[in-house]
Protein chains: 2
Amino acid sequence: MAQNYAPKTQHMIAEMNNTAVTREEQTLVLTQTERTACQETVLIEQPVEVALNEILIGTTMVMPADLDALAVGFLFGQGYLSAAEEVVEVLTCPEGRMTVYARVEDPPRDRSREMIVTSGCGGSGRISRDMLQEQEAALHECSLGFADIRGLIKGTLQVSDLSLRTHCVHACGFWSEGELKVCCEDVGRHNAVDKVIGTLLLEGIPPRGAVYTTGRLTSDIVLKCARIGIPILVSRTAPSSLGVDIARQTGVTLAGYARPNRLNCFNRPERIR
Amino acid sequence: MAQNYAPKTQHMIAEMNNTAVTREEQTLVLTQTERTACQETVLIEQPVEVALNEILIGTTMVMPADLDALAVGFLFGQGYLSAAEEVVEVLTCPEGRMTVYARVEDPPRDRSREMIVTSGCGGSGRISRDMLQEQEAALHECSLGFADIRGLIKGTLQVSDLSLRTHCVHACGFWSEGELKVCCEDVGRHNAVDKVIGTLLLEGIPPRGAVYTTGRLTSDIVLKCARIGIPILVSRTAPSSLGVDIARQTGVTLAGYARPNRLNCFNRPERIR
C-alpha cells in the first residue's frame, strides 16, 4: 500500500513494472487514390479478473496499469467495499487476476444482486469469456469503394442532430447495396451497435455490408459484428489491441480514424476498393 | 416486426411514440469574470430491463428509443440468441421492460456463465439498482477557483501522451489542496474513474477536492464520486439526464464542457469561485 501514486504517467508506472500498455501495428492508410503503409500505436486491452476474498466478482477489460487501484475502485463502485479501512491487502497475479482481501462479508456466490449495466458503456458491454476465442465467424462477402464509405459516414452523422444538441450520444450506421439501411443512436456505443444488429435481425436485412461507429473498436464491438457476419467495420476513432486481434481471428476488415476521404486499415484492406 | 427501421432519426421515432429522448436544463456558464444563465439540452438516460422468455437477463441504461432492436441486439451480443429465426415476439412495457420471446433454451436463472464487463465501458460500469436511490452522500466540502480548474484540466491532460499516441484512453484526475494528487488512464472511462477512487482509498487521500474526467457524466460516474464524498465533478463533455438527477440528489457540483477558462455548471455552482 505504501507506493506513491501521485501523478506519474500510467505507462511510466506500467513500464517500470515491465508491463507494456501499447504495441505497434502496421496499417495501411487508404485514400481514393493512394495506399500508404503506416505504423500506429494501439492501446493494450486485456481481460483481468477481480476477486474479493478469493470469490470472483467479475472480469473486466482494462489497460494493464494501476491494477490494484482499479480493483479497489471497482469493488467500491459496485458497493462491495464501503471504506478504505476494510482493505487488508491487494494481490496482483501476472496472469491477470486481482484479488482484494478485505474485512467485509463475503460476497454472495450466486451474484443474485440485481446489477445494472450502465450506459456509455451500456447494452451488451458484456460478453462471455468463451466468445473471446471465437474464430469461426461466417462473414458475408462484399467490397466497398470510397463513395460508399463517404455515404456511410456522412449518412450516419447526418441522420439526426442529437449529437450536436446533447454531446452525449454515439451513432452507428449500416451501409449495404449503395445505401444507408440502418442508423441508430444511444448514450452507450455498445447500445448503438446493439440496436443496429437487432434491427438487421428483426428486419431480416442481410449483413453483407459495412458498419460505421463513432465509438472505439474494442473487443466486444468487433466480436458482435463478426458474430452476425458483417465483413467491414469502420470507426471514427481507434481500435484497441484486442479489437485488432479479434478482427484478425475472424477476418473482419477493420478501419479506424475514418473520414469521408481517408481511413486507416488495420486488417484485410482488400475489401475497400 | 414489420416496422420500417430504415434511416429515420431515433428521436423522430421516439417522438412519434411520445417518448422524449432529451430534456432542457437551466445551467450557468462560468468564466473567471462572468456567470451567464444558459439552457442546455441533455440526453435522457434511463434504466430498462431486458428479459428473455420472461427471465430477467439484465438492466441496462439506455436512451429510450428503438428498444425492441436494442433488446434483440443485446441478447444476440451476449450469446443468448444466435439467429433472427429464433425470435418469436418482442414486447415493450412502458415502465421500462423489454421482453424477447424466442425459441431458445431458457437462460440459466443463476447467471453462472462467466460474463466479462468490457472496456470502453469497463470497470464498474455496473451499479446495483438500490444505489440509484442513494441520497445520503456525505460530501466533503471545498470550493475551487479557476486557477484550480485550469490546473486540474491541464494537469490531467498533460500527465501522459497515451491519448495522443493511441486515441483510445480516457483520463481522470483528482485535484486537492492546490495540486493534482492522482491521475489515471484506461481504455474505459469507468475504469479511469475507478482507478482514481481506488487510489484515494488505498493512499488515504481525503476526497476533499474535484475530479476531472474526459468522459461523459452518466449515472454511475456521478454516483461513485458522490459515494466517496467528492464534492465537485468536472467533465470535458456532457452529462446525461440521470447524471444531472443524481448530482441534484446527492448535492454534487456538476460541470460539463469544461475548458481551462470556462465551464458549464449543471448543479451547485457556488463551489466554483
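The values are calculated or read from the model by the stated rules, or taken from the named source; none is laboratory data. What you see is a predicted model, and the numbers here were worked out from it, not measured in a lab. Quick reminder, even Gly has a Cβ in these numbers, built from the backbone with ideal geometry, and neighbours come from all protein chains shown.
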Among the residues of the range B:142-153, are any at pLDDT 90 or above, farther than 30 Å from A:T22 by Cα, touching a helix residue (DSSP H, G or I) at 6+ places or on another chain (Cβ under 8 Å) and crowded, with 17+ Cβ neighbours inside 10 Å? yes
Residue ID - surrounded by the most Cβ atoms within 10 Å (Cβ to Cβ), chosen from residues in the range A:47-70 that are touching a residue at least 24 places away in the same chain (Cβ under 8 Å) and at the interface with chain B (Cβ under 7 Å from one of its Cβ atoms): A:M63
Consider A:T118 against the criteria (1) within 11 Å of another protein chain (Cβ to nearest Cβ); (2) surrounded by 15 or more Cβ atoms within 10 Å (Cβ to Cβ); (3) at pLDDT below 70; (4) out of contact with any strand residue (DSSP E or B) (no Cβ under 7 Å at 6 or more places or on another chain): it satisfies all of them except one. Which criterion is unmet? (4)
Over the range A:183-198, the set of residues out of contact with any helix residue (DSSP H, G or I) (no Cβ under 8 Å at 6 or more places or on another chain) and in a helix (DSSP H, G or I) is A:A192
Selected residue (criterion: farthest from A:V62 (Cα to Cα)) from residues of the range A:231-244 that are touching a residue at least 24 places away in the same chain (Cβ under 8 Å) and within 12 Å of chain B (Cβ to nearest Cβ): A:R236
Across the range A:202-222, the tally of residues that are more than 21 Å from B:V87 (Cα to Cα) and at the interface with chain B (Cβ under 10 Å from one of its Cβ atoms) stands at 7
Going by the structure shown, is A:T19 farther than 30 Å from A:I272 by Cβ, in contact with a Pro (Cβ under 8 Å, 6 or more places away or on another chain) and within 8 Å of chain B (Cβ to nearest Cβ)? no
When the residues of the range B:228-273 are narrowed to those that are more than 16 Å from B:E40 (Cβ to Cβ) and polar (S, T, N, Q), which ends up surrounded by the most Cβ atoms within 10 Å (Cβ to Cβ)? B:T250
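Listed here are the residues, each with its yes/no results for (1) farther than 22 Å from A:L164 by Cβ; (2) touching a residue at least 24 places away in the same chain (Cβ under 8 Å); (3) under 13 Å from the mean Cα position of the chain (by Cα); (4) in a helix (DSSP H, G or I).
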residue	(1), (2), (3), (4)
B:S160	yes, yes, no, no
B:L164	yes, no, no, yes
B:G173	yes, yes, no, no
B:K181	yes, yes, no, no
B:L200	yes, yes, no, yes
B:I205	yes, yes, no, no
B:V222	yes, yes, yes, yes
B:I246	yes, yes, yes, yes
B:A255	no, yes, no, no
Evaluate the following for B:Q26: is it polar (S, T, N, Q) and modelled with pLDDT under 90? no
The residue that is nearest to the chain's Cα centre (by Cα), considering only those in the range B:233-244 that are among the β-branched types (V, I, T) and not in a loop (DSSP other than H, G, I, E, B), is B:V244
Restrict the check to the range B:212-229 and report whether at least one residue is touching an Asp or Glu at 6+ places or on another chain (Cβ under 6 Å) and aliphatic (A, V, I, L, M). no
Taking the range A:33-46 and the residues there that are in a loop (DSSP other than H, G, I, E, B) and under 21 Å from the mean Cα position of the chain (by Cα), the one that is nearest to the other protein chains (Cβ to nearest Cβ) would be A:E45
Any chance you could count how many residues in the range A:72-84 are of a type in the set (A, V, I, L, M) and more than 7 Å from every other protein chain (Cβ to nearest Cβ)? 3
Which members of the range A:208-227 meet the condition of being crowded, with 24+ Cβ neighbours inside 10 Å and at pLDDT below 95? A:R216, A:L217, A:T218, A:S219, A:D220, A:I221, A:V222, A:L223, A:K224, A:C225, A:A226
